[in-house]
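I have placed the structure first, in the form of structure tokens, so that the comments after it can refer back to it.
Values in this text are rule-based calculations from the coordinates and carry no lab data. Please read these numbers as outputs of a predicted model, since none were measured by experiment. Here the Cβ positions follow ideal geometry from the backbone for every residue, glycine too, while neighbour counts run over all protein chains shown.
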Amino acid sequence: MSETLRAVIQLLAALLLAPVLLGIVNRVKAVFAGRRGSPLLQAWYDVAKLLGKSAVYSRTTGWVFKAGPVVGLSAMILCVALLPWTGAPTLLAFDGDLVLLVGLLALARFVTIAAALDTGSAFEGMGASREAWFSSLGEPALLVGLASLARIRGSLSIAGVFAGSVDLAAPGGARFVSGPAAFGGAGAVFGGASSAFSGAVMILAAVALFIVFLAENARIPVDDPATHLELTMIHEVMVLDHGGVDLAYIQYGASLKLWVLGGLVVSLLAPRTGSWYLDVAVSLAGLAVVAAATGVVESIMARLRLVRVPQLLVAALAMSALGLCLALVGGPGGQLALTAGGTP
Amino acid sequence: MIAVLLGTAALVVLFGLASLLLARAPGVSHAVGSVGIAAASLAGLAATISALVLGDASSITLPWNPVIGASFSIGFDPLTGFFLLPIFGLSAVCAVFGAGYLSHGYPGRGTGAHWLFYGLLVSSMALVVLARNGVLFLVAWEVMSLSSWQLVTFEHEREETRAAGLTYLVATQIGTAFLLVMFLFMGAPGAAGGTAGEAAFLDFSMLSAAGPAASAVFLLALIGFGTKAGIVPLHVWLPEAHPAAPSHVSALMSGVMIKTGIYGIVRVLMILGSPPPWWGWTLVLIGAVSGVMGVLFALAQHDIKRLLAYHSVENIGIICLGLGIGLLGRSYGSPTVALLGFAGGLLHVLNHALFKSLLFMGAGAASHAAGTREMDRLGGLARRMPLTALGFVIGAAAISGLPPLNGFVSELLVFLGAYHAAATGAAAQAAAAGVVAAALALIGGLAVACFTKAFGISFLGEPRTPAAAAAKEAGASMTVPVLLVAAACAAIGLLGFLAIDLMAPLAAAVSGTAVTDAAAVIAQAGPGLLKVAAAGAILVVLAAGLAAVRALLLSRRSVRRAGTWDCGYALPDARMQNPPPAAQYTSSSFAQPLISMFRFPLATHRRWSPIRERFPAEAEFESHTPDLFAQGVFRPAFAGIGGLLSRLRWLQHGRLQLYVLYVAATLLVLLVWKLS
């Protein structure tokens, strides 16, 4: 199968399957609560229902409000197009595409906040303010984590950085993926040590990424997607005034965002088997596990008090920074740099 | 071609002078000043572009005063040409905007002197980047500082404007003092022999420094040029001067003039040659501190032009991060990192010039229409001034570094430099890259918060005052410049792959690497920027498609207007329909969580009246964020200096005879010293 075809299948599958993740999250929550729960495709049913509705717009709002859902969903679709969740390179892949991904997430946030402020409602202003607050802490955690991964993987692209954790097809059996340098030359001597370094950096980055995943997707313990009238409301209250087609765009965009950030976590941790079909199956299973984990977290944890949320995000940033420090000692491409890369 | 550039620069001044001479006929004077300066600047822009395309490298040298090392020596190279682009281009745009702004904002007021100083500012900025002699450079630098000081104090009848002007004047003079010493460090008097026709000893080609002297020169340049550029803690004049000046002057100064400080740093780095690593580290740390502090202080402001002024500090920080990672790439011998860092930092100079002048013009039009710069008294302007709002939101998204606009392209290049250093460099270089990545990410996140606040509170929601409710769209002379610059922001964002072709040779020249290595950076970043452009185009198409789908779906259904759903809590307004304007989130409440989180550097003063009764009739809240460095460093320092100098006041008693005696005694001492 050609690379292009794989990339197209990867993109279309993601666009179709993303709402199912929400279904899995809700199903797990229902099981914990002793309910039967809604169908796995409920998010798709909701979108279809909303697309059939007529519209009511606030007199206060203008073109900014109408641009919000449209630009936000477009940015999310592009994010999905940038995500090589099956391991196949995407059509838009390039060295540095991870910065574009983060930029597109920021663009979606910008237009959502602007649309919320356009309503003139104090509720939506509150949500907008909190969204800006939390995401300004989540973004450094994400980008510093990416810098540490860029160092151990010796790569600047999402495909290179998120190339899975364990390469089962590698010569000599399973080992951590840590850039080409680890497989030969000086790296081979320190193979065990560098793998340990890479593994530690990867675990730190994965934890930071999972926290960012929860925060960006407005999940517990940061936000509660089930409510918009509590004093911790963030994301749900920002879209309070949207309805009909606009709300359908926003909800579909939210499920895409869940897919994108969840896909990053999975791509980082899932083993690569060498066969694309197996990789697809592994990645899908991994995404289901991440969604289930989200459901478990939501079922067994209470939402954090609002003032505690930044501490969680700063903890994520600290873990990313610690990972970067380890990666600095670990050297480029996972080589132990204590001898190789001191001061020139 | 360089003669043409010099000619257009002179023409700009001549139109300003003509405007002053025609002051008897205010209408004619205003038209001659604005249109003439705009046309002459456009001619200068055309000459710059053709010189850049032709690869012009000509120079002119005329003898001046060899004893003090002066010659009238000017030259053109890619760096000069690159800085001339915003100087001429934005001067033209701001002059057109200023024509409308001044005639609406200050009716009946003579503008002849204003246009003369505007012309002087434009041509002195051009001369600063053209100059190839230290004395000529300093003269042009001083004319630039003094003419911009005159422009800042346009509303000189206001006390706070005069105070802001004085702060600016003192800051810029202190900066110049450091530059004077810097040139003396680099020039070697006597080396040139002093004969006419030979190079004078302060010609740039004669300047050099090595070892500790080079480091001293670097630090002097950093302080002297950094004061103009506005790096923390030398930025204190920016938030004073920019709000005081008319908006098109703020746009020109904040967008273009402070960049001459960056030009100076880059030019000195080119003269000094290969840098030790700590220079790059210094720039990275200065950039990180300036960037983060700038955006934090911006977030705490209520005055929209003060907010924008602090954002200039932030963007100078981003530029320094790019230059710093570039210098480190050069120190550690990785040309790709050097080229990416310099290309990103320098491209951000052009980008910031565009979106900052765009934002100042948009904010000027908005505050002019609503009669106040306080964001908490604006609101709802997007429906009343749609074109200005469109321009402002494009500028806001661009300055936040969002794709597909120009701010993203330059920040992406800096990020690529940092990630490249992180992925391949030695530990020390990768550590700096980590600092750059973390600082850029934090700046980016906070900038989104800051500009959703600036745009959202000022332009969206319900108007908070009757004046804001009565605002009207600005005239064509104000909206056309705004939209033109907005289009330039979008163009550079979508055509970033062309920008890298332009930047790579320039970055190669600046970083001292071979031009063939520039191919490396194009190979590194070019395909990626092509993909970024593709992503931008796809984004536009997708958004248009989704909007069309929505319009199609809604075309046969009812689309009603109603009041904002406020969860049943809404107090009706006078028309019993809309959310109450006073209950909206304000700029202070929007930023409050971040402000209180970063209360350590910000030290916001808050004052409120506690609620004592069950049904309080009224309440008060006031918050104010003074500049940490102005209040904590410079005010005590200047008070101390003033106290020391006042001890000498007994020398100054007003008796003329004794003053003459001082002069005579000084002459005698000098004579004895010289003879002995």
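Quick look at the numbers
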{"quantity": "With at most 16 neighbouring Cβ atoms within 10 Å, loop GluC sites (Glu not before Pro) (DSSP) excluded, longest segment of chain B", "calculated": "B:199-472"}
{"quantity": "3J(HN,Hα) from dihedral phi, segment A:103-120, Karplus parametrisation 6.51/-1.76/1.60, rounded to Hz, x for glycine, proline", "calculated": "x, 5, 4, 5, 4, 4, 5, 4, 6, 5, 5, 4, 4, 5, 5, 5, 6, x"}
{"quantity": "For the protein assembly as shown, with +1 on Lys and Arg beta carbons and -1 on Asp and Glu, the positive-most of B:His302, B:Ala507, B:Ala163 along the dipole", "calculated": "B:His302"}
{"quantity": "Label-point separation in nm, B:Gln173 to B:Met597, each point 7 Å along Cα→Cβ", "calculated": "4.3 nm"}
{"quantity": "Residues of segment A:91-124 with amide N under 14 Å of a point placed 7 Å along Cα→Cβ from B:Ala469", "calculated": "none"}
{"quantity": "Normalised contact order of chain B, rounded percent, pairs of Cα under 8 Å and 6 or more residues apart", "calculated": "11 percent"}
{"quantity": "Point-to-point label distance, B:Ala213-A:Leu91, nm (Cα→Cβ direction, 7 Å offset)", "calculated": "6.1 nm"}
{"quantity": "Förster radius 45 Å - calculated FRET efficiency between B:Leu62 and B:Arg24, Cβ distance, rounded to 0.05", "calculated": "0.80"}
{"quantity": "Within the protein assembly as shown: Cβ-based charge dipole about Cα centre, in debye rounded to nearest 20 (Lys, Arg +1; Asp, Glu -1)", "calculated": "1260 debye"}
{"quantity": "Proximal aspartates and glutamates relative to A:Lys29, as straight alpha-carbon distance under 14 Å, when same-chain residues fewer than 8 apart are discounted", "calculated": "A:Asp224, A:Glu298"}
{"quantity": "P(r) weight above 18 Å for segment B:365-470, C-alpha pairs, percent", "calculated": "57 percent"}
{"quantity": "Dipole of chain B, positive direction: furthest Cα of B:Ala92, B:Thr80, B:Ala551, with charges on the beta-carbon", "calculated": "B:Ala551"}
{"quantity": "Euclidean distance of C-alpha centroids, segment B:111-164 and segment B:321-342, integer Å", "calculated": "33 Å"}
{"quantity": "For the protein assembly as shown, convex hull of alpha carbons as volume per residue, Å³", "calculated": "200 Å³"}
{"quantity": "Integer Hz, Karplus 6.51/-1.76/1.60 couplings in order for segment B:45-53, x for Gly and Pro", "calculated": "5, 4, 4, 4, 4, 5, 5, 5, 5"}
{"quantity": "Extension gain from B:Tyr659 to B:Ala534, taking 0.36 nm per residue of separation minus the Cα-Cα distance", "calculated": "37.6 nm"}
{"quantity": "Whole-Å distance, taken between Cα centres, linking segment B:272-317 and segment B:424-439", "calculated": "18 Å"}
{"quantity": "Linear extension gain, B:Ala619 paired with B:Thr604, 0.36 nm per residue minus alpha-carbon span", "calculated": "3.5 nm"}
{"quantity": "Stretch gain in nm, segment B:Phe638-B:Ala31, where the contour uses 0.36 nm per residue and the Cα spacing is subtracted", "calculated": "214.2 nm"}
{"quantity": "Amide proton proximity set for B:Ala70, modelled H, under 5 Å, gap of 5+", "calculated": "B:Asn65"}
{"quantity": "Spin-label model distance (nm) - B:Ala519 vs B:Lys674, 7 Å beyond Cα toward Cβ", "calculated": "6.2 nm"}
{"quantity": "Degrees between helix B:112-130 axis and first principal axis of chain B (Cα, 0 to 90, nearest 10)", "calculated": "60 degrees"}
{"quantity": "Within segment B:1-273: Cβ-based charge dipole about Cα centre, in debye rounded to nearest 20 (Lys, Arg +1; Asp, Glu -1)", "calculated": "180 debye"}
{"quantity": "With Cα atoms, 0 to 90° folded angle of helix B:212-229 axis to chain B main axis", "calculated": "40 degrees"}
{"quantity": "Assigned charges on the beta-carbon of Lys, Arg, Asp, Glu; chain B dipole about Cα centre (debye)", "calculated": "1120 debye"}
{"quantity": "Selection from B:Ala427, B:Ile641, B:Asn133, by position along the positive dipole direction of chain B (Cβ)", "calculated": "B:Ile641"}
{"quantity": "With 10 Å bins from 0: P(r) over segment B:1-273, alpha-carbon pairs, percent", "calculated": "7, 30, 34, 22, 7, 1"}
{"quantity": "Amide H contacts of A:Tyr57 (H built 1.01 Å from N, under 5 Å, at least 5 apart or other chain)", "calculated": "B:Arg560, B:Arg561, B:Ala562"}
{"quantity": "Residue-by-residue Karplus 3J(HN,Hα) for segment B:63-70, coefficients 6.51, -1.76, 1.60, Hz, glycine and proline x", "calculated": "x, 9, 9, x, 4, 8, x, 9"}
